[in-house]
1. For the chain, what is the Kirkwood estimate of the hydrodynamic radius, computed as the reciprocal of the mean inverse distance between distinct Cα atoms, to one decimal in Å?
2. Packing-wise, with mean Cβ within 10 Å as the measure, how do 2-13, 31-42 rank, highest first?
3. For a quick check of understanding: with a 1.4 angstrom probe and all protein chains in place, what accessible area in square angstrom does ASP73 have, to the nearest ten?
4. Using a cut-off of 14 Å between beta-carbons, work out the net charge of the residues near ALA24 (Lys and Arg +1, Asp and Glu -1, ALA24 not included).
5. Pick from ARG45, ARG27, ARG53: which is most flexible by mean-square fluctuation in a GNM of the chain where alpha carbon atoms under 10 Å apart are linked?
6. How much net charge surrounds ALA49 when only the other residues with a Cβ under 12 Å from the Cβ of ALA49 are counted, with Lys and Arg +1 and Asp and Glu -1?
7. If Rh is defined by the Kirkwood formula over all Cα pairs and Rg also comes from Cα, what ratio Rg/Rh do you get for region 1-48?
Amino acid sequence: QVQLVESGGGVVQAGGSQRLSCAASGRPFSSLHMGWFRQAPGKEREFVAAIRRSATYTLYADSVKGRFIISRDNAKNMVYLQMNSLRPEDTAVYYCAASGGSWGGRTDQYDYWGQGTQVTVSS
């Protein structure tokens with residue numbers, strides 16, 4: 001089992017920045033591909049960004065490309081999401097996810113999920 005705990009959410013003004021963190025435990029972190037997803041009220045959970053276990057490759061949703069940056073620190077068992085130029089439409093609960101096998105932008109590719117952290121962008 002893998003436990004994921006997100007932190008760093010809150011209220012931020014449009015145009016501002018926020019950094020989310022996710023702490024992983026329960027399995028060697030370097031064996032896991034990691035991703036961030038988000039879910040706004042009344043909408044389905046959607047892909048935001050992903051990073052391979054070696055951090056060699058990253059993947060972003062078009063809606064956040066150029067504004068968000070995903071990174072990881074395998075020595076600290078942490079994955080981060082740096083969010084810049086935030087917009088009101090970025091308001092959502094953000095979830096950290098881990099995969100022991102496949103990697104990509106689909107929710108069914110991830111085996112483990114955190115509880116989520118709320119990000120609210122005010123206009």
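1. Details: mean 1/r = 0.0709 Å⁻¹.
Here the Kirkwood hydrodynamic radius works out to 14.1 Å.
2. Values: 2-13: 15.4, 31-42: 19.7.
Descending packing order for the listed peptides: 31-42, 2-13.
3. My reading of the accessible area for ASP73 is about 50 Å².
4. Numbers: positive: ARG27, ARG53, ARG72, LYS76; negative: GLU6, ASP73, ASP111.
Around ALA24, the surrounding residues sum to +1.
5. ARG27
6. On the way: positive: ARG38, ARG52, LYS65, ARG67, ARG72; negative: GLU46, ASP62.
With Lys, Arg at +1 and Asp, Glu at -1, the net is +3.
7. 1.03
The values are calculated or read from the model by the stated rules, or taken from the named source; none is laboratory data. Predicted model, so just to flag it, every value in this text is computed and none were measured. Ideal geometry is used to build each Cβ from the backbone, glycine not excepted, and the neighbour counts take in all protein chains shown. Accessible surface is based on the protein model in full, side chains and every heavy atom, while ligands, DNA and RNA are left aside. Shrake-Rupley method; radii C 1.70, N 1.55, O 1.52, S 1.80 Å.
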